[in-house]
């Protein structure tokens, strides 16, 4: 299948945020390219010609990339959603008409996934539902820990497509949070994002979309990179988030529009970057607890000469985990109930009797089966 209308570049981005590094990717038909003065590029690839010529032949890629990742805080033009993100340009078309095959788009997604991308934006249009080869590329991206974000299309249609858990398809809203008149809808819509009067970077040398430093455009092509940028922000908070966890944060923090709950126009709602960043921080702690990172007991050792309170706290654990105390020989002593990320042992057994001096073991087990154990010393 050949696709056209909405774009012509595939870009990948490296997000250099407050915590660690993240790679994100965006798919367009020509070769997403952004002025080096306005972005942080990383090496890309031209999947059509098999070389490193990723310059933008059409201009759409430059515009889309700027929406997601134009550098901020530099007093130059516009700021992208994830403005510390670097672009990895992946060119999937060599003509100036902005057309590309889904085969080449899938190759670009796989390239991005193999090179560490976390988010891949695909802004192209078609009157058909996504093909198996494209959806398989989305599944491959997920298997590598990343997500593919796709524009819904600008035909104002419900194409009758099924749900597509392999990719995140984005419809467009206007400045009043109404569905844009041109936006496609359907069961495939996951979320919505602004797509009307979007201002972004322009490729001066490109035709037919070149000229000037900035431009304004309407389309789901520009809604998709806003959602992709929000995902890049989510991954930047905690790069140990799985693809499913990051996607869930995107859905859970979207502002519900239209009928309550999911609907075929707005999906789970219009994305909200501020909420997504806040919830990412909250769930990062939960995620680390679920994987039992940095579990510890304090005070340890507990020494009666230095501690007046008869308790030891086991910290950084999920509230729904199982916490048990054993003797060093393996005899069960008591079971603790976690609360607010910690479990408190009052140095008694299950009958309420004080335990003797010695070494004890704590065993923490989460509902997902993760376990960690440690030793506690009691000195009386």
(message) Roughly how far apart, in whole Å, are the Cα centres of region 79-130 and region 344-380?
(response) 52
(request) Mind pulling the angle between the C-alpha long axis of helix 102-114 and the longest principal axis of the chain? Nearest 10 degrees, somewhere in 0 to 90. (result) 30
(message) Per 0.36 nm of contour for each residue apart, how much would the distance between residue 244 and residue 55 grow if the chain were fully extended, relative to their Cα-Cα spacing?
(response) 64.8 nm
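If I stretch the segment between residue 340 and residue 155 completely, what's the gain in nm (0.36 nm per residue apart, minus their alpha carbon distance), one decimal?
Working: separation 185, 0.36 × 185 = 66.60 nm, distance 4.95 nm.
Residue separation times 0.36 nm, minus the Cα-Cα distance, leaves 61.6 nm.
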(request) With a Förster radius of 41 Å, plug the Cβ-Cβ distance of residue 350 and residue 143 into 1/(1 + (r/R0)^6) and report the FRET value to the nearest 0.05. (result) 0.35
(message) Treating only the Cα positions of the chain as identical point scatterers, give the base-10 log of I(q)/I(0) from the Debye formula at each q in 0.07, 0.09, 0.10, 0.11 Å⁻¹.
(response) -0.39, -0.56, -0.64, -0.72
(message) Students often check this: by mean Cβ neighbours within 10 Å, which of 234-247, 157-170, 117-130, 100-113 ranks highest, and how do the rest follow?
(response) 117-130, 100-113, 234-247, 157-170
(message) I want to make sure I understand the PRE zone here: with the label point 7 angstrom from the Cα of residue 293 toward its beta carbon, which residues in region 228-245 have backbone N atoms less than 16 Å away?
(response) 234-245
(request) Quick one: among 344, 277, 286, which has the greatest mean-square fluctuation in a GNM of the chain with alpha-carbon springs under 10 angstrom? (result) 344
(request) Give the calculated FRET efficiency between residue 252 and residue 103 to the nearest 0.05, with a Förster radius of 41 Å applied to their Cβ-Cβ distance. (result) 0.75
(message) Rounded to the nearest 5, what % of DSSP beta bridges with both residues in the chain are antiparallel?
(response) 70
(request) For the chain, calculate the relative contact order in percent as a whole number, restricting contacts to Cα pairs under 8 Å that are 6 or more residues apart. (result) 14
(message) Nearest 10 degrees is fine. How inclined is helix 60-69 to the longest principal axis of the chain, computing both from alpha carbons?
(response) 30
(message) Helix 243-252 against the longest principal axis of the chain: what's the angle in degrees, Cα atoms only, rounded to the nearest 10?
(response) 80
(request) At 0.36 nm per residue, minus the direct Cα-Cα distance, what do residue 370 and residue 264 gain on full extension? Give it in nm, one decimal, please. (result) 34.4 nm
(request) Evaluate 2.2 N^0.38 Å with N set to the residue count of region 170-293, then give the Cα radius of gyration divided by it. (result) 1.19
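If we count other beta carbons within 10 Å of each Cβ, what is the order of 266, 140, fewest first?
140, 266
What FRET efficiency comes out for the pair residue 308/residue 377, r = Cβ-Cβ distance, R0 = 22 Å, nearest 0.05?
E(calc), rounded to 0.05, equals 0.80.
No value in this document is a laboratory result; all are computed from the given coordinates. Computed from a prediction, not measured in an experiment: that's the story for all the values here. A quick note on method: Cβ atoms are made from the backbone with ideal geometry, for glycine too, and the neighbour counts reach across all protein chains shown.
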